[in-house]
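What follows is one structure encoded as structure tokens, with my remarks underneath.
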Amino acid sequence: QVQLAESGGGLVQAGGSLRLSCAASRSIFASMAWYRQGPGKQRELVASITSGGRTVYADSVKGRFTISKDNAKNTVYLQMNILKPDDTANYYCNARTFAATEYWGKGTLVTVSP
């Protein structure tokens, strides 16, 4: 059973930064991603990174967020800068295998105060 453990959430003022981490219990994923679900909103893709390092970002976070991975640690990161109140959400780590099986973490809460 694959486990994804997120960390790094918290309360920050607008304009501040946070770095989220997602440690996987195994490697060999086709891609890993961060999703978020804000109050009263649907879950949305924030950023993803493939095993080859190709990245995709939601328009709302381009230029502010950076996704990266450390293959040796089976960990993916999300560096979030210039945070806005609209970034307030539960952030979920997602991993997809080459067989298209998906795994989800339990989420970490990010709260951005005005």
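Structure summary
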| item | result |
| --- | --- |
| Cα centroid separation - region 77-114 against region 1-53, whole Å | 3 Å |
| Share, in percent, of DSSP beta bridges within the chain that are antiparallel, nearest 5 | 90 percent |
| Exposure of ILE49 as accessible area (Å², to 10), given a probe of 1.4 Å and all protein chains | 10 Å² |
| Pairwise label distance in nanometres, ARG19 with ASP59, each label 7 Å out on the Cα-Cβ vector | 3.0 nm |
| ³J(HN,Hα), Karplus 6.51/-1.76/1.60, whole Hz, each residue of region 70-86, x for Gly, Pro | 10, 4, 5, 9, 6, 10, 10, 10, 9, 8, 10, 10, 6, 5, 10, x, 5 |
| Accessible area expressed per residue, the chain, with surrounding protein chains retained (probe 1.4 Å, Å²) | 54 Å² |
| Full-stretch length increase - SER27, SER113 - with 0.36 nm per residue and alpha-carbon distance subtracted | 27.4 nm |
| Within the accessible area of the chain (1.4 Å probe), percent carbon and sulfur | 48 percent |
| Volume of the Cα convex hull of region 10-114, divided per residue and given in Å³ | 96 Å³ |
| Lysines with Cα under 21 Å of LYS73, excluding same-chain neighbours fewer than 8 positions away | LYS106 |
| LYS41 versus ASN71: modelled label distance in nm, points set 7 Å from Cα along the beta carbon direction | 3.3 nm |
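The values are calculated or read from the model by the stated rules, or taken from the named source; none is laboratory data. Nothing here was measured: the structure is a model prediction, and the numbers come from that model. Every residue, glycine as well, gets a Cβ built from its backbone with ideal geometry; the counts of neighbours run over all protein chains shown. These accessible areas exclude ligands, DNA and RNA; they are computed on the full protein's heavy atoms, side chains included. Shrake-Rupley method; radii C 1.70, N 1.55, O 1.52, S 1.80 Å.
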